[in-house]
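Take a look at the structure below.
The values are calculated or read from the model by the stated rules, or taken from the named source; none is laboratory data. Just so it is clear, the model here is predicted, and its values are computed rather than measured. Cβ placement follows ideal geometry from the backbone for every residue including glycine, while neighbour counts extend to all protein chains displayed.
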Amino acid sequence: MMKKEVGEHKGEAVFEYTLENATGLKVSILTYGGIISSIMIPDRVGDLANVVLSYDSLEGYQSDEYCIGAMIGRVAGRLSAARYSYEGHEVLLDRNEGENHLHGGWNGLNQKVWSMKEVTEDSLTLGIACEDGEGGYPGSVMIQVTYTLSDKDELTLSYSAIPDQDTPINLTNHSYFNLSGDPRLDVTDHELKLKSRRYLELDDEQLPTGAILPVSQGGFRFEGPISENRTDIDHPFLLEGHFSEEISLHHPASGRKLVIETDQPAVIVYTGAGLEGAQLAGGKASSHPGIALETQGYPDAPNHSDFPSILVRAGEEYRAKTTYQFLVQD
């Protein structure tokens with residue numbers, strides 16, 4: 001495993017670690033934000049490219065508005081009116097997106113320097129301690145994520161968190177994939193398939209209304225190129241099955257393919273329209289430069305009693321796992 005210092009954040013050194021497997025696939029992770037800064041994989045003729053959006057420097061991530069590659073929490077997504085009720089008490093959270101709460105608040109996991117907890121031949125574990133009251137949430141929480149790269153070209157993210165008070169937890173990774181390896185090219189020529197028949201309806205603030213609708217009613221069609229589907233996707237889809245190739249993304253021009261399996265009940269699919277013009281490693285972002293596939297629990301779950309709960313009791317352990325397998329097709 002390679003390690004290099006890439007700068008500092010608020011006086012703390014930031015390092016980039018690179019895992020490499022027997023086939024030559026390389027994955028780089030920053031201790032700032034737990035960010036996946038690079039996934040280098042070959043195309044059908046063997047040419048390597050980074051298939052996740054990234055910046056050229058640490059400063060790019062520090063000023064980033066899009067959470068590129070980052071760990072998200074303690075609760076991913078939006079919480080309506082930046083509040084939720086628990087046992088008769090109203091919990092007030094950071095209002096960091098209009099009147100709502102987004103991605104853990106003003107000091108989310110994506111803006112912290114994580115500490116190295118363990119290194120093995122094929123994995124590394126990063127950890128962070130979140131303080132009681134941070135973002136408005138009750139309880140201190142110790143969060144860890146382990147990145148494991150297998151010789152089957154599988155990258156597995158294993159999440160764990162233990163709070164000392166009852167608190168909601170919903171973690172995800174916010175990598176944007178572009179299997180062409182070029183952020184100047186749209187991902188609308190990629191083919192996206194989901195094992196999902198239902199999605200959460202959203203209001204004009206991107207918050208769930210509570211309605212669960214058939215994907216066909218939203219105009220979504222997960223066959224063929226994204227350009228033949230809706231290209232303005234930024235929605236939560238409910239997954240069917242666990243660890244059964246629930247999500248796949250294919251770039252026919254290069255032959256690269258990504259298969260995602262998870263134990264989480266939902267995935268937020270975002271085709272990156274808001275990134276257009278951003279200065280990324282490799283050039284200015286196109287109109288749809290990458291697709292985020294954020295496996296997680298239902299968004300805004302604490303404010304919807306009929307959604308699966310994301311509450312974790314004091315002393316109990318939250319666990320989640322997602323595997324990304326990289327393939328090349330002729």
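Just a yes or no: is a residue in region 277-284 under 15 Å from the mean Cα position of the chain (by Cα) and either buried (at least 19 other Cβ atoms within 10 Å of the Cβ) or of a type outside the set (Val, Ile, Thr) (or both)? No, region 277-284 contains no residue that is under 15 Å from the mean Cα position of the chain (by Cα) and either buried (at least 19 other Cβ atoms within 10 Å of the Cβ) or of a type outside the set (Val, Ile, Thr) (or both).
Within region 1-32, the set of residues being in a strand (DSSP E or B), polar (S, T, N, Q) and buried (at least 18 other Cβ atoms within 10 Å of the Cβ) comprises just one member, Ser28. Within region 98-109, residues that are within 12 Å of Leu79 (Cβ to Cβ) have Cβ atoms under 6 Å from residues that are of a type in the set (D, E, K, R) in these pairs: Asn100/Arg78; His101/Asp94; Leu102/Arg78; Gly104/Arg74; Gly105/Asp94, counting only partners at least 6 apart in sequence or on another chain. Please determine, by comparing only the residues of region 97-147 that are among the β-branched types (Val, Ile, Thr) and crowded, with 21+ Cβ neighbours inside 10 Å, which one is nearest to Ile268 (Cα to Cα). The residue in question is Val145.
Val119 - would you say it is hydrophobic (A, V, I, L, M, F, W, C) and over 21 Å from Leu53 (Cα atoms)? In short, yes.
Applying the criterion of at least 2 residues that are in contact with a Pro (Cβ under 9 Å, 6 or more places away or on another chain) to the strands (runs of 3 or more DSSP E) found wholly in region 139-243 leaves 141-149, 191-194, 198-202, 234-238. Determine, yes or no, whether Glu134 is under 19 Å from Leu19 (Cβ atoms) and in contact with a strand residue (DSSP E or B) (Cβ under 9 Å, 6 or more places away or on another chain). When the stated conditions are applied, Glu134 does not pass them. Selection of strands (runs of 3 or more DSSP E) fully inside region 44-137 by the criterion of at least 2 residues being within 30 Å of Gln165 (Cβ to Cβ), under 18 Å from the mean Cα position of the chain (by Cα) and at pLDDT 95 or above returns 123-130. A single entry from Glu246, Glu223 fulfils the requirement of being surrounded by fewer than 16 Cβ atoms within 10 Å (Cβ to Cβ), among the acidic types (Asp, Glu) and in contact with a strand residue (DSSP E or B) (Cβ under 8 Å, 6 or more places away or on another chain): Glu223.
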